[in-house]
1. Counting only the heavy atoms of the protein chains, how much of GLU225 is accessible to a 1.4 Å probe, in Å² to the nearest 10?
2. Please arrange ARG125, ARG120, ARG76 by accessible surface area, largest first, computed with a 1.4 Å probe and ligands excluded.
3. Excluding same-chain residues fewer than 8 positions from LYS169, which aspartates and glutamates have a Cα within less than 16 Å of its Cα?
4. On average, how much accessible surface per residue is there in the range 48-163, in Å², for a 1.4 Å probe, leaving out ligands, DNA and RNA?
5. ASP62: accessible area at probe 1.4 Å, nearest 10 Å²?
6. Would you be so kind as to identify which of ALA115, VAL139, VAL98 lies farthest towards the positive end of the dipole of the range 97-207, taking Lys and Arg as +1 and Asp and Glu as -1 on Cβ and the Cα centre as origin?
7. What percent of all Cα-Cα pairs in the range 126-241 falls into each 10 Å bin, going from 0 up to the bin containing the maximum distance?
8. Taking every eigenvalue of the Cα gyration tensor of the range 125-172, multiplying by 5 and rooting it, what semi-axes result, largest first, whole Å?
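The values are calculated or read from the model by the stated rules, or taken from the named source; none is laboratory data. All values reported here derive from a predicted model rather than from experimental measurement. Cβ sites come from the backbone with ideal geometry, for glycine too, and all protein chains shown count toward neighbours. In case anyone asks, the SASA skips ligands and DNA or RNA and just uses the protein heavy atoms, side chains included. Shrake-Rupley method; radii C 1.70, N 1.55, O 1.52, S 1.80 Å.
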Amino acid sequence: MNSNNSRMPARRLATALTVTALAAGPAVLGAGAAHATADHGRASAVVLRTGLDVSLLNKTVDVPLAVSLNEVQAPRSADRTALSARLDGVAGGKPFSVLGADVAAAKATVTSQRAEGSVRLVHARLHVPGLPLLSLIEVGTVTAKATCEAGKAPAASADVLGAVTVLGKRVTLTAGGPTEVKVPGVGEVRLDLAQHDTTTRTAAATALELKVSVNPLKLNVADVEGTVTLAKATCESPMAPPADPKPQGGASKSDLAETGSSSATPYIAGGALALVLAGGGAVTVARRRKH
């Protein structure tokens, strides 16, 4: 009677260890599964960006003119609609208006499936130091858009609509090459119209890029050189999910045919080993109590 009672806890212990080992199998399998980090793509948009060197008073003072208007970037969707950009310190201490417009909007939007940047500029007037009354460029409507959608080819477009005036001269822009405008006693401007570029995952569109060299009447009061970008949008596609992901942990027919077992075999074997070890322990406990 006593020997049977001494065996019962040992048997129960062996059974409990076996059930625990078998139940642990699926949990261990789940822990080994890889979890991909979702890439939601990227997008950016900017109405105006300048990279100009401004030399004042016969190049005794150099002022970098680095201005960005309505520059936005995502993964976080954002939009800006400021209508003017100002710069201090180049007009006798007074604020200097670099760009004015009736509409100046930049937007960057990103979701799990789509990334898009867009810019819209209406009736823009760009000024540089030394030419307070004469616009470097005036343009009707400028747009740029870059769209990147998961699983699709990226797209980019840019347009300049309406009249374009450079240094007071009406010009006609062509997509076939740059347009050069020279105004004696004022300066030179080279314009590249509607540039866009795409790859398998990215797109970029620039409505207008200007290379500027201005020195009014060569008085060296304000010598301005550099580049100006009007309306630029970029994007990068979100990563597309796998088309047909393979189930994790499932036994395939080929696995069963080749090995005669399933992916659960290691856990069954582990349970059996636990049973053997627990059984051995039970026998030892029983023998000790018997003696």
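1. Accessible area, nearest 10 Å²: 90 Å².
2. Per-residue accessible area, sorted high to low, gives ARG76, ARG120, ARG125.
3. Cα-Cα hits under 16 Å: GLU138, GLU180, GLU188.
4. Working: 5780 Å² over 116 residues.
Ligands and nucleic acids excluded, the figure is 50 Å² per residue.
5. ASP62 exposes around 110 Å² with every protein chain in place.
6. ALA115
7. Percent of Cα pairs in each bin: 14, 38, 26, 15, 7, 1, 0.
8. Values for the range 125-172, descending: 33, 12, 6 Å.
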